[in-house]
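Beneath this line is the structure, given in C-alpha cells, with notes to follow.
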Amino acid sequence: MKEVQVSDGIVPLGEFKAQAAKLLKRLGESGEPMVITQNGRPAGVLLSPREFDLIQERQRFLESVAAGLADAEAGIGITGAEVKGARVDYEKVGVDELIAIAPPGSPLAGARHSMHRLAHSKLVIREVGSGTRQTTESLLAEHGIDLDSLDIALELGTGEAVVTAVEGGLGAAIVSRLVAQRALALGSVVELDIEGFPAERPFYAVTPKGGPSQSSRAFLDYLRESIARE
C-alpha cells in the first residue's frame, strides 16, 4: 500500500463532504490513501479499489513465497515469519529489533510504561501477514492483550509508511529499529520506554524441501558469514 502523504493525504470530514467528487477523483488517479479526520482525530481511511485489492493480497504474500520455493527446482528467500504447513525449510539467519515509537510530544514519551499503557493508546500498525504484525501480536498475547481491543488509527503496508504516520501525529507504533533510525536521528519520532521492548524479530532463510541448489547454498553460507562478522 502506498504511504499516506501527510501534506495532502489527511482530510477533515467537512472538507471531504464539500469536495467529495474532487477528492475521490484524486484518490483514483494517485492511489494514495486518504485519512479522514473528525474533530482532529482519525475517523477512517479511503483506499482506491486497486489499493484495497493489494491489501487483500498481503495476507497471501508469505504463503506465495513459500509455495513458490516449494515448487521450484532451486531458490532461496528471506522472510520475517514462518508459514505453518509450507513445503519449505526455514533457517534463522539473523534478528532485527522491534521498538515502540511515538511523536516527540506524546504523553508516552519521557517515562517508562507498561505494555498495557501502550496498548490503550492510539496505534498505527502493519498489515495482516507481515512479520512485524505477527511479532506484535505475539508480544501482546504474552501480556494478555487481544488485538481486537486496540485503538487502531491505521493499518499500513510498509514500515516506512508506519513511521511517516507517526511523524504526522497519528499515533504510536511498533516498528523495526532499522526502519525508524532516520526518523529517530532527525528527532521526528522518539523511542518509547515500554516493558518488553526492544524485542527481537527473527529473519529466516527459506529454501525448498530437500535443500537449496549449489548456488543458493553458497549464497546462504555467505549470508551466515556476513551476519556472524557483525
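Set against the 2.2 N^0.38 Å expectation for a compact globular protein, the stretch 10-55 has a Cα radius of gyration ratio of 1.12. The A218 and L186 beta-carbon pair, evaluated with R₀ = 35 Å, returns a calculated FRET efficiency of approximately 0.35.
Report, in cubic angstrom per residue, the convex hull volume of the C-alpha atoms of the stretch 145-197. Present the calculation step by step, with values, prior to reporting the outcome.
On the way: hull volume 4.8 nm³, N = 53.
Dividing the Cα hull volume of the stretch 145-197 by its residues yields 91 Å³.
Here, each number is a calculation from the coordinates, and none is a lab measurement. These figures come from a predicted structure and were not determined experimentally. Reconstructed Cβ throughout: ideal geometry from the backbone, glycine too, with neighbour counts over all protein chains shown.
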